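The structure is given below, and queries will be raised subsequently.
Rule-based calculations on the coordinates, nothing more; no lab input. Because the structure is a prediction, the values reported are computed rather than measured. Neighbour counts run over all protein chains shown; Cβ positions are idealised from the backbone, glycine included.
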Amino acid sequence: MAFVKRYLIPRLIQYVLVVWLGITVVFFIPRVTPNDPVMAMVGILRARGATLEPGAMDGIIRDLTEMYGLEGSWSDQYWAFWGRLFHGDFGVSFYQYPAHVNQLISTAMPWTLGLLLTTTAISWIVGNIIGGLAGYYSRKGWSRTLDAIGMVIRPLPYYIFAFALLLLFASTLVFRWFPVTGGTSLGARPTFTWVYIKDVLWHSALPALSLTILGGAVNFQTMKLIVQNVNAENFVQYAKLGGVTEDRIVNKYIIRNALLPQITGLALSLGQIFSGALITEIVFSYPGMGMLLYNSILRGDYNLIMGIVIFSIVGITTAILIVDLTYPLFDPRVRYK
Amino acid sequence: MKTIRDLFRDYRFLFSFIVLVIILIMAILSAFSPYDPTLWNVVPKELKPSAKYLLGTDSNGQDVFWQATFAVRNSLIISLIAGLVSRVIAILVAMVAGYRGGTIDRVLMFIGDSLLVIPLFLIIVMVAMMLRKFMNLVVLGLLLSFFGWAWDARTIRSVILSLREREFTKTAVLSGTGTIKLVLKEYMPFAMPLIFSTLINNIAWAIGLEITLAFLGLVNLNIPTLGTMLNWAIYYQSILLGRWWWVLTPVVLSLFLFIALYWLSVSISEYLDPRTRIQRVGAA
Amino acid sequence: MEKLLEIENLSKVFSLGSILSRVHIIAADNVSFYIKPAEIFTLAGESGCGKTTTARIILGFEEPTSGAIIHDGKKKARNEKVWFTEGIQAIFQDPFATFNPLRTVDNYFFETVKNYKLAKGKEDAIEWIDQKLNAVGLTYQEFAGRYPSEFSGGQLQRISIARALLTNPTLLIADEPVSMVDASLRMSIVNLFKKLRDETGVSVLYITHDLATAYYVSDRIAIMFRGNIVEMGSVEQVLMNPRHPYTKLLRESIPEANPKKRWTTTVNLTELEQEEYLRKGCKFAGRCPEVMDICKGVVPADLIVNDTLVKCHLYSDENSSAK
Amino acid sequence: MKNSILRTENLKAFYVLDMQGTQKVVKAVNEVDLEIHEDEVYGIAGESGCGKTTLLKALYGAIEPPLRWMGGSVLYHMNNLAVDITSLDAEEKRKLRMEYISYVPQGSMSVLNPVLKLNETYQDFIGSHVSGRTRQEAFELARKHIVELGLPRNILDAYPHQLSGGMRQRVTIALAALLKPRIIIADEPTTALDVVVQRGVIQLLMDIQQKLKNTIVLVTHDMGVHANIADRIGIMYAGKMVEEAPTEKIFEDPIHPYTRFLIDSLPRFGDKSTRSSAPGSPPSLADLPAGCPFHPRCPFAREICTQEMPALVSLSSDHKVACWLVGEN
């Protein structure tokens, strides 16, 4: 029981507080910044040459203000905002007018989830295994070359790396193996036939490759360093001095202790990986949350942006909570005081 | 300086030093540019790189090389502002939280942690969207600095916490030194190297983010930076139309800049303490 | 004045853990003793007995939960930092940790002189510092402008003592001053304390777990166990014929440098310290060879048996006739 | 005269460190000749930085860079043939460890795998040496062994962080004695412990030695511990063995000036007469003075002491000293 009281409940409280703080920040940003979203929207309408008599303009402003939920004092707006949130109603998108925001999000979400989950899993597992081996055999040649490659790839931001892959594999400059844009070829209907799946895989190959390589490089480097440090720990040296066979030392002594910081590392970097995924999608115009965000920014679709940001905050913090809760399963020092 | 001589033995430090010197020279060259960066059609459009135009010209009728010098200068300005201001915030938060302790420590660390956990990119995008009309180099720098202190405040705070337990803190207190003087005289020599290598990481992070925001069109597009240059290159479909020199210049420049900055911070922190390497994930 | 420093039922309770799972550790429990001028008083005990916590409270690095400290006849208010009365200075365990490795050692000397306005100009300060260094057998030339790493452990500990002497303190608090110094050099530091006591009349509160050195250097000694003082008196009385069962156990367990005095009996060790902290009654009841029923329920009083204090029911009135 | 079980001949082991270009050689073990008998507790005394831990590593054959063999040999006497371990390969050495010779390291607080229960750690050690035993058999052997040594039965089901420092130390010693090795090497097993717990640990070592009738090589700077447990003591100074004799002789009749200072400077109960320590401080092993390393601090130092290193000469059948004073009388 002490475990629940000492580890679980504080974590849950922190989770709720973080989500609340995130959403409150998102609530206040448009209201604090100097320019008013309604005027911005009116500006965009007028830019498109909509000529209106003066009387109609006030009506539009009133409707927009009401639709943005900006009328009344900040506290009324705040409660109304949370009220809508609990019903999962993010309001209506301006650009694709009749479509509700959460409808748009639910179409884009599977694409992003598919890309994000697979690449994160692959890069974490592959990165850790290769990093672990490279750390254990750090004197071998191959581990040094891998480390050098890692040193080059790791500092590159998602955006630049994705762009480099695009130039290399998709554009006319070098190879032309992969499509430049899109999630599927034009006009493909989403059915579960093999043809459609093959088409999706073919299109998502480059963004997935980009995310996996970058994520893999990060995990490779951190795991290599952790394994080198754990290898120098007293209990590993003592096991070697005690004549414990090498396979037991690698599995039960080094890997199991090296994984612990990697789990917290994964939790802390999920936010970063998610942002990276969004950017990579934009570069490859892959039809996930990233493209949705890109279009909503271009068209100043205020409600859609709010929806995406809130959805992402809740999603990411929940994922982090789940990863954090798996940590005690691996570390007895947390389970039993 | 013996330390500099030791550092140069590390090939990474050597490489990053050379690249950074080249980039600084380019930034300084911008002052001697024959063309005004904001004017268009000053040179014939879309010419391949030649003796006259080192890196060719672009579809806006600007010389790509001189444009690049301005881009590098402005990107550095933004990231320096972001880096330095966020250092000040990080140090203040770390000092107060680390030295004062108690509830302030818990509150500050909670804010720091939630900034780490929440996908900052989206919030920065939202704020940038709202400030689009006022966006210029300084505003963007300050915006990035406001979100860039959380991770480093935590690292610096842990250094201060460990120093507070060390016995020379007690010796200093017994020698009658006041709190402020104690922090500056006793802790700064320890924290300085860490602050410097986190500054470099933050600069790389800021440049990367500036490029991303520029691609999303959230920055003032007629102030040339690495990001806006790339944005214009894509806007004119220079990839498909084969004008590789226009799109490659910002990509290659930022590629080398990121690698150089990362290697600089890694070689410094490894020189200080081989066991701890700065774990920052590459710029978003 | 008879008592230089007096400690009246000093207690310190640490509460650890978050609001949900509170754990209370009683580090010091009604500790009372006094130190006379020009006296070396030892506070001895195993790790976790509260001796270092008591020292930190006297120096003002910790706030006591209850109890008072009377220094030079003036009662210290709870939050007043004691060290600013330049009367008390301290020497720490690890000489290399006492000084910031990145700063030259003489920085601390000049700062102390400046902060306590002990000298007017620079020469005056150097002369004052040199005088203090000579007291510990060093000279200003061989010490000026050098970093801690350029000295040996023994030298650095002497420098630390010199720094403490700068303000002419009436009391030096030495927290395990020789445990990190090589055995063969230990005596030179310990003899230094005796010389300072005889020549300058400074008192020393000597905190240690090493009873052999304590016997050699101190005049009076207090043995601490889990926050309580269990026996206190002249070092001759307490260490040569201990009365409290714990002091006896400690005294027997010290491996004496004499092959003829080897251990004859074996000792049984419990592995749960937590239990001892929270135990009602006498905290040593768990492993005391002469435990009685009363020990488990009632906390023994501080009894005086021919001018040594013993906190043990064996010596209460109805039993003392038997002893 | 008991027959010897472990012998070193002219053993040299140095640390070769390259600090950013300049090479520094630390002469930690400098031509040591040692002979340790069966069924005996051999104590090695010396202060920090005198090379005693390195000597133990050499005896155990645990030579990893930056430490390197520089010369001489370490001989194990196994079923009456002398095996030089410097010539053994990794697998042969691995087989010997825990079965023939085992090692109790200095910082025993962090020597047990934090994420494994103690019985899993025990099984790892047993399983790596004794093949063919099922997990259950190995587990049973470990539990019986623990109870035999007077440790609580349920200790094997706990994790290392749940035990006190003293208990972890005793569990490590029990682990080292698990496969009944002929030699147990213990490096400062009691430094970080309280006096009473230290006594328990020493008594555990003595019980094991009496039960297995094997050899214990004990290193510590605490002369009191040596007095209580050691049969013979070797005094080390600056990488060399300066004196070796039975315990009583070392304490009552020390010959080497350094040993005399060491014994005289020990405070004794009941005797408050002023004691003095040796002047100066021990030399650094990286730049040793010429001749006898103790001569800068030795009140009896003569011309020859500053030039040549004295050899370890036997005064009597069991008393050896490395000092030029001995040469005269």
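Cut-off 10 angstrom, C-alpha nodes, Gaussian network model of chain D. Which of D:211, D:249, D:180 fluctuates the most?
D:211
Do me a favour and compute the ellipsoid semi-axes for the protein assembly as shown from its Cα gyration tensor, root of five times each eigenvalue, largest one first, whole Å. The partial results should precede the final answer.
Numbers: eigenvalues 850, 268, 212 Å².
In descending order the semi-axes read 65, 37, 33 Å.
Still on this model: Have a look at D:237, D:227, D:205 and report the one farthest towards the positive end of the charge dipole of segment D:179-254, computed about the Cα centre with Cβ charges (Lys/Arg +1, Asp/Glu -1).
D:205
Could I ask something else about it? Which entries of C:261/D:180; D:95/D:180; C:51/D:52; A:240/D:117; D:24/D:320 show an alpha-carbon separation above 21 angstrom in the structure shown?
C:261/D:180; C:51/D:52; D:24/D:320
Would you mind checking the tilt of helix A:289-298 against the longest principal axis of the Cα atoms of chain A, expressed as 0 to 90 degrees and rounded to 10?
Helix A:289-298 sits at roughly 40 degrees to that axis.
With a Förster radius of 45 Å, plug the Cβ-Cβ distance of residue A:9 and residue D:39 into 1/(1 + (r/R0)^6) and report the FRET value to the nearest 0.05.
Numbers: r = 58 Å, r/R0 = 1.30.
For R0 = 45 Å, the calculated efficiency reads 0.15.
Put one equal scatterer on each alpha carbon of segment D:1-61, apply the Debye formula with no solvent term, and list log10 I(q)/I(0) at q = 0.17, 0.22 1/Å to two decimals.
Here log10 of I(q) over I(0) equals -0.66, -0.96.
Work from the charge dipole of the protein assembly as shown (Cβ charges, +1 for Lys and Arg, -1 for Asp and Glu, about the Cα centre) and give the residue of D:171, A:137, A:56 farthest towards its positive end.
After comparing all options, I get A:56.
Right, something else. Taking Cα atoms, how many degrees apart are the long axis of helix A:141-153 and the longest axis of chain A, rounded to 10 and kept between 0 and 90?
The angle comes out at about 20 degrees.
So which trypsin sites (Lys or Arg not before Pro) in segment B:1-73 pass both tests, a DSSP loop state and at most 13 other Cβ atoms within 10 Å of the Cβ? Display every interim value, and only then the final one.
Details: sites: B:2, B:5, B:9, B:12, B:45, B:52, B:73; in loops: B:9, B:45, B:52.
Sites meeting the loop and neighbour criteria: B:9, B:52.
Another one. Describe numerically, in nm with one decimal, the distance between label points set 7 Å from Cα along Cα→Cβ at residue D:10 and at residue B:2.
Calculated label separation equals 3.7 nm.
Need one value for A:253-262: mean number of C-beta atoms belonging to other chains within 10 Å of its residues' C-beta atoms.
Average neighbour count from other chains, rounded to a whole number: 2.
Specify which residue in the list B:227, B:209, B:147 is farthest towards the positive end of the charge dipole of chain B, using unit charges on the beta carbon of Lys, Arg (+1) and Asp, Glu (-1), about the Cα centre.
Of the candidates, B:147 comes out farthest on the positive side.
If you wrap a convex hull around the Cα atoms of chain B, how much volume per residue is inside, in Å³?
Working: hull volume 45.1 nm³, N = 284.
Measuring per residue, one finds 159 Å³ for the Cα hull of chain B.
With +1 on each Lys and Arg Cβ and -1 on each Asp and Glu Cβ, how big is the dipole of chain A about its Cα centre, in debye rounded to the nearest 20?
Around 1500 debye, computed over chain A.
Would you please name the trypsin sites (Lys or Arg not before Pro) within segment A:75-167 that are DSSP coil residues with at most 15 other C-beta atoms within 10 Å of their C-beta? Intermediate results must be reported in sequence, preceding the final value.
Values: sites: A:84, A:139, A:140, A:144; in loops: A:139, A:140.
Sparse-neighbourhood loop trypsin sites (Lys or Arg not before Pro): A:139, A:140.
For chain B, give the magnitude of the charge dipole about the Cα centre (Cβ charges: +1 Lys/Arg, -1 Asp/Glu; no others), in debye to the nearest 20. Walk me through the numbers on the way to the answer.
Numbers: 24 positive and 15 negative charges, 84 e Å.
Roughly 400 debye for chain B.
Within 10 Å, at most 15 other Cβ atoms, and a DSSP state outside H, G, I, E, B define an exposed site. Report the longest part of chain A free of exposed chymotrypsin sites (Phe, Trp or Tyr not before Pro). Let's see the in-between values first.
On the way: sites that count: A:95, A:137, A:175, A:177, A:192, A:336.
With a cap of 15 other Cβ atoms within 10 Å, the longest stretch comes to A:193-335.
Apply the Kirkwood formula to chain C: the hydrodynamic radius equals the inverse of the mean of 1/r over all pairs of different alpha-carbon atoms; give it in Å with one decimal. Working shown, then result.
Numbers: mean 1/r = 0.0470 Å⁻¹.
In chain C this quantity evaluates to 21.3 Å.
Can you give the charge dipole size of the protein assembly as shown about its Cα centre, rounded to the nearest 20 debye, using +1 on the beta carbon of Lys and Arg and -1 on the beta carbon of Asp and Glu? Write down the numbers at each step before the final one.
Values: 122 positive and 112 negative charges, 357 e Å.
With only Lys, Arg, Asp and Glu charged at Cβ, the dipole is about 1720 debye.
Let me ask something else. At q = 0.08 Å⁻¹, what is the log10 ratio I(q)/I(0) for chain A, with the Debye formula run over Cα points and no solvent?
One equal scatterer on each Cα of chain A leads to -0.53.
Next question. Please compute the average number of Cβ atoms from other chains found within 10 Å of each residue's Cβ in peptide D:24-35.
On the way: counts 0, 0, 0, 0, 0, 0, 0, 0, 0, 0, 0, 0.
Taking the mean over all residues of the peptide, I get 0.
State the antiparallel share, in %, of DSSP beta bridges confined to segment D:4-230, rounding to the nearest 5.
Numbers: 24 of 38 bridges.
Of all bridge pairs located within segment D:4-230, approximately 65 percent are antiparallel.
What do you get for the angle between helix A:54-68 and the principal long axis of chain A? Use alpha-carbon atoms, 0 to 90 degrees, nearest ten.
Tilt relative to chain A: about 30 degrees.
In addition: Where in chain B are the helices, taken as whole DSSP H runs, whose Cα atoms extend 24 angstrom or more along the long axis and whose Kyte-Doolittle mean reaches at least 0.0?
Values: long enough: B:11-29 (27 Å, 2.72); B:64-95 (45 Å, 1.71); B:188-215 (40 Å, 1.43); B:244-272 (41 Å, 1.54).
Qualifying helices, which must be both long enough and hydrophobic enough, are B:11-29, B:64-95, B:188-215, B:244-272.
Of all alpha-carbon pairs in chain D, indicate the percentage at a distance above 31 angstrom.
Details: 19200 of 53956 pairs.
That tail contains 36 percent of the Cα-Cα pairs.
Work out the mean other chain Cβ neighbour count within 10 Å for the residues of C:106-116 and drop it here as an integer.
On the way: counts 0, 5, 6, 1, 1, 8, 6, 2, 3, 6, 2.
If you average over the peptide's residues, the count of other-chain Cβ atoms is 4.
On the principal axes of its Cα set, how long, how wide and how thick is segment B:1-119? Give whole Å, largest value first.
For segment B:1-119, the Cα extents along the three principal axes come out at 65, 39, 24 Å.
If you wrap a convex hull around the C-alpha atoms of segment A:70-125 and split its volume per residue, what is the figure in Å³?
On the way: hull volume 7.2 nm³, N = 56.
Given the Cα convex hull of segment A:70-125, per-residue volume reads 128 Å³.
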